[in-house]
């Protein structure tokens, strides 16, 4: 069984959350569910896309650089989604061309149609088989009517033609409420349905995204004009949290409607953990103020939280787990660079400081200043990937006195390259091989006995996901440890430093890996829990 989720009117209305929410509700009904994301970009994967344009890059367990919606699938479904569940236009075309070059088509003429849609279908089937899924959710990125979506919609049409009772089409469409009118308008969604119809598809459900709940009058109007029953028009108004969506859909019997349409066996439970979780996250607890110091925040006049989506969600999961309320503040590291004397004003009211992953030299000095402030003022500090590298540089500069200490990513001529390029990366960069060539995916880490990290995890051996080219330079390890920066997590061969801690501090811990990728709503990551607990303790002090 395959459920395609497509978008209407405009992008960014939450197709990924809709896909994940429907999937988790069907899973509650006893069905095995997996989710596939299709991105209509010529990029082979998401790794080379600018985060400001595309949002955060999510890394799978097996090392694929994917769209952030794959993270939503993992968080809602509580599964590890493999690389086979992600495809782009570029990846599909690359496979077809490589097959043609190796005579995989037996000398036949290879055409955009049908061979590209057939490759898309083949990939969907592969994802179904890999997960042994009863239901495969397939989200097609972008919006119907866009040229780049046509081939993916054609794949859906071909599957619907061949298996009419096993394929469902869900349209997620925006319903505007113009302030000057004060009325929800159905016409844009009617046009979206018309565009879907033009490619030979007919929506089985319409999820109406809006600032308001769609009323019965407009449900009837939309159903009449789009050939659907009123119960097939699903209200999806703005809600305080994405984790409210499963409960919202459950109240409208979405899983039962889908099970009936597909004629499959599934029994929806009387109670759902999502209902209780939704209540839990809205209970007012003690506020905890966390500052995320980064640089990928704005485009024009707008702040883009999606750039660090997994970090934000992991902070929320841990804070809710501790019955507190998260207050997340965006801090542009370039602002700290421009106003170093005002750093106390910028950071002074925070209960915790977090520096996430990143690349390049822009804003680096501001990040290092933020680390120094956290260390000297005993503010709980949590560094992720680049945040660990910044912490290493800060200690080298301000405790060991190596004022030029740096990462060779920023300064190739530094006399103290405490962070340097990983050995296997040098040849790749010389050959300008950038796409999909970083240290990616899941790797083991051994935790030192007596360390904070070991206490938080509760065991010695962990597996975490990576995305980096540069690493802690082992040449400087002994001197940095003597300065107080202890390497408490390493690769099994002891060559790669995975976690550092600074002693005599309430919480100063940084990881080379990305723990945010493994945090789940019902199972927050232990390092994030430890960080938030330390921030709450600071607040009480």
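All of the numbers you see were taken from the coordinates with simple rules; none came from a lab. Just so it is clear, the structure is predicted and the values come from calculations on it, not from any experiment. Here the Cβ positions follow ideal geometry from the backbone for every residue, glycine too, while neighbour counts run over all protein chains shown.
Take the Cα atoms of the stretch 54-152, build their convex hull, and give its volume per residue in Å³.
126
So, in Å, what gap is there between the alpha-carbon centers of the stretch 48-95 and the stretch 486-520?
Using only Cα atoms to place each centre, the spacing works out to 25 Å.
Taking neighbour counts of Cβ atoms within 10 Å as a proxy for exposure, in what order, fewest first, do 463, 175 appear? Spell out each step's value before the answer.
Values: 463 12, 175 26.
Result, fewest neighbours first: 463, 175.
How far is it, in nm, from the label point at residue 109 to the one at residue 132 when both lie 7 Å from their Cα along the line to the Cβ?
4.4
Given axes a ≥ b ≥ c from the Cα gyration tensor, I'd like to know whether the stretch 181-220 is rounded (a/c under 1.5), prolate (a/b larger than b/c) or oblate.
prolate
Report, to the nearest 10°, how far helix 15-28 tilts away from the longest principal axis of the Cα atoms in the chain, using its own Cα long axis and a range of 0 to 90°.
The answer is roughly 80 degrees.
Considering Cα pairs under 8 angstrom that are at least six residues apart, work out the relative contact order of the stretch 2-277 and quote it in whole percent.
25
Using only Cα atoms, find the angle between the long axis of helix 526-540 and the longest principal axis of the chain, and express it within 0 to 90 degrees, rounded to the nearest 10.
60
Roughly how tilted is helix 89-101, in degrees to the nearest 10 and between 0 and 90, from the longest Cα axis of the chain?
Compared with the principal axis, the helix lies near 80 degrees.
Can you give the Rg to Rh ratio of the stretch 2-277, both from alpha-carbon atoms, with Rh computed by the Kirkwood formula?
Reported Rg/Rh, Kirkwood definition of Rh: 0.96.
When a footprinting reagent is the concern and you count Cβ atoms within 10 Å, what order do 70, 369 take, fewest first?
With the fewest neighbours first, 70, 369 line up as 369, 70.
Can you show me the helix-derived [θ] at 222 nm for the chain, built from DSSP H runs with n ≥ 4 at -39,500 (n - 2.57) apiece and divided by the number of residues, rounded to the nearest 500.
It lands at -11000 deg cm²/dmol.
Going by how many other beta carbons lie within 10 Å of each one, how would you line up 238, 62, fewest first? Present the calculation step by step, with values, prior to reporting the outcome.
Numbers: 238 11, 62 14.
Listing 238, 62 from fewest to most nearby Cβ atoms yields 238, 62.
Rounded to whole Å, give me the distance from the Cα center of the stretch 123-192 to that of the stretch 305-354.
What the calculation gives is 36 Å, centre to centre.
At q = 0.17 Å⁻¹, what is the base-10 log of I(q)/I(0) for the stretch 117-213 according to the Debye formula with one equal point scatterer per Cα and no solvent? Please give it to two decimals.
At q = 0.17 Å⁻¹ the computed log10 ratios are -0.81.
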